[in-house]
1. Collect the residues in the range 127-138 that are open to solvent by 20 Å² or more (accessible area, probe 1.4 Å), within 25 Å of S107 (Cβ to Cβ) and not charged (D, E, K, R), keeping them in residue-number order.
2. Return yes or no: is V233 without any contact (Cβ under 8 Å) to a residue 24 or more places away in the chain and out of contact with any helix residue (DSSP H, G or I) (no Cβ under 7 Å at 6 or more places or on another chain)?
3. Can you pull out every residue in the range 143-159 that is open to solvent by less than 50 Å² (accessible area, probe 1.4 Å), touching a residue at least 40 places away in the same chain (Cβ under 8 Å) and part of a strand (DSSP E or B)?
4. Answer yes if at least one residue in the range 245-264 is β-branched (V, I, T) and within 16 Å of T182 (Cβ to Cβ), and no otherwise.
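The values are calculated or read from the model by the stated rules, or taken from the named source; none is laboratory data. Quantities reported herein were computed from a predicted structural model and do not represent experimental measurements. Heads up, the Cβs are rebuilt from the backbone with ideal geometry, glycines too, and the neighbour counts pull from every protein chain shown. Keep in mind that these areas ignore ligands, DNA and RNA; they rest on the heavy atoms of the full protein, side chains included. Shrake-Rupley method; radii C 1.70, N 1.55, O 1.52, S 1.80 Å.
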Amino acid sequence: MKLTAMIFRLITSSFVGLFLLVTHANAQIFTPASLTIDDNRVQAKLSLSVLIEVDVTLEFENSIGLNADSIEITAELINPTDLNVANRLPSSLTGAVSGFPVLVSISPKANAGFGFEGPAMVELYTKAIHYDPDVPLRLFTSHGNGNFEDITTLTSSGSFRARGSTGRFSDFIILLDNRTPTSVINEKLADISSTLLNNQLVIDTALFSQLDSTLNSISQTLSVVDYAAAMVVVDHMITLVESADGALLPNVWRSSGDLVNVQGDLLTQLKTLRFSLRVL
């Protein structure tokens, strides 16, 4: 491992007391300095301090009612020791990033009539930290104050960019993830299984059978540590999910919160699993 990556991890793990310690209850909420909406694309720039800015980009395959009055994007500096954050982390091996302890919240207004189909792309970009392929910075999301889940599909330079997708909205954060690749992959596989089982009654019976069988095949290839074969099967399952229309697989999320976007959730989980397999 590069020396710079080792130093980065040490600094990050010693973050408490070395950076801004802001309690969640008293945290200042920052709104966009600029917000542009063009068709199915949203871009927001938020400045939290002289050193910390974040650009937020959202892209939808198909949306309705998307405008400046239907969606709220905010950000805040967090205290990593705040239980509202710490209790939602997936592991003690994940934590806030030194230099960028930022929580972004995307909250479409409940009565605004906003909705979208399938997955929405979410990207955070900042110059406050820098990309290093040896440092596992990942994009996580949390819904309704639940546990944070890794949704990363891309990390890249300039200075740091993280991208993922989501089938709904809530909180987004970049975390340092020191879990082993195997544990990350196993957790993502378990999340896909839970999403399938929890929504079995609203998925077409024949399609559910196909998806369940394909998921078992992914599990089998992983059990024999055949990651190349696992990638092939994951891509096949992504194709199955992407090809299903709303009559076979619920694919709409709306701000009233009364629908589960199963297609968006499954594609989010499958694509981040593919990312984890690719960066092994």
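1. Answer for the range 127-138, where residues must be open to solvent by 20 Å² or more (accessible area, probe 1.4 Å), within 25 Å of S107 (Cβ to Cβ) and not charged (D, E, K, R): just A128.
2. no
3. D150, T152, T153
4. No, because not a single residue in the range 245-264 is β-branched (V, I, T) and within 16 Å of T182 (Cβ to Cβ).
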